[in-house]
């Protein structure tokens, strides 16, 4: 049993290693998610020559890096291709690629802070089962990254409107049935919360 567990763990780590994505590849995925269609000439399966879709967006990335990144993304099956009549190939995200791009988008997410606080608390409560631990841990990580206060292990609080951001994370992790979002005008330890979020006393 121990050997099987170690084997499964090794396979999981190897898979994660294959899916590790660098900053140029992250940028490509996010741009494709935003609607950019990347057109290329492809002399062979391992060589990409980007001929369209490179403008101001790519000015800080050299062409060779883009070609290597696109090739690696294609081989990792995060991109799908569509051949065009003019001999070019258009690269688009497949389902896995879209999921990865959304993950990177979540990392850059920020919640807007209004000038005047409406004196309401946003509370996220979740009860995600152990067999979906990866989604649970990821949600906790994102809530911490966004600046939420951990009221309890599976309860997080924030003072500003964040419904759209929470909905995005819920859909990203496919955990809607496990997560509740509430708005409250009173929490009995709000003096501590005001201090934590540097709100007016």
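The values are calculated or read from the model by the stated rules, or taken from the named source; none is laboratory data. Quick caveat: nothing in here was measured; it's all calculated off a predicted structure. Please note: Cβ atoms are built from the backbone with ideal geometry, for glycine as well, and neighbour counts cover all protein chains shown.
Side notes on the structure shown:
- Residue count for region 145-184 under the criterion of being modelled with pLDDT of 95 or more and under 16 Å from the mean Cα position of the chain (by Cα): the result is 0.
- For region 168-177, the condition holds for at least one residue, the condition being that it is surrounded by fewer than 16 Cβ atoms within 10 Å (Cβ to Cβ), touching a residue at least 12 places away in the same chain (Cβ under 8 Å) and under 22 Å from residue 102 (Cα atoms).
- Flag if residue 157 is closer than 16 Å to residue 113 by Cβ and in contact with a helix residue (DSSP H, G or I) (Cβ under 8 Å, 6 or more places away or on another chain): yes
- Residues located in region 10-34, provided they are in a helix (DSSP H, G or I) and either at pLDDT 70 or above or under 12 Å from residue 102 (Cα atoms) (or both): 23, 24, 25, 26, 27, 28, 29, 30, 31, 32, 33
- Restricting 161, 167 to those that are in a loop (DSSP other than H, G, I, E, B) and under 16 Å from residue 110 (Cα atoms) reduces the list to 161.
- Across region 173-201, the qualifying residues are those that are assigned to a helix (DSSP H, G or I) and touching a helix residue (DSSP H, G or I) at 6+ places or on another chain (Cβ under 7 Å), and the one among them that is nearest to residue 124 (Cα to Cα) is 176.
- Scanning region 104-142 for residues that are closer than 18 Å to residue 162 by Cβ, outside any loop (DSSP other than H, G, I, E, B) and either out of contact with any helix residue (DSSP H, G or I) (no Cβ under 8 Å at 6 or more places or on another chain) or at pLDDT below 95 (or both) yields 105, 106, 107, 123, 125, 138, 139, 140, 141, 142.
- Screening region 68-103 for residues that are in a helix (DSSP H, G or I) and surrounded by fewer than 13 Cβ atoms within 10 Å (Cβ to Cβ) and picking the one that is farthest from the chain's Cα centre (by Cα) gives 75.
- Some residue of region 181-192 being surrounded by fewer than 16 Cβ atoms within 10 Å (Cβ to Cβ), under 30 Å from residue 96 (Cα atoms) and without any contact (Cβ under 8 Å) to a residue 12 or more places away in the chain: no
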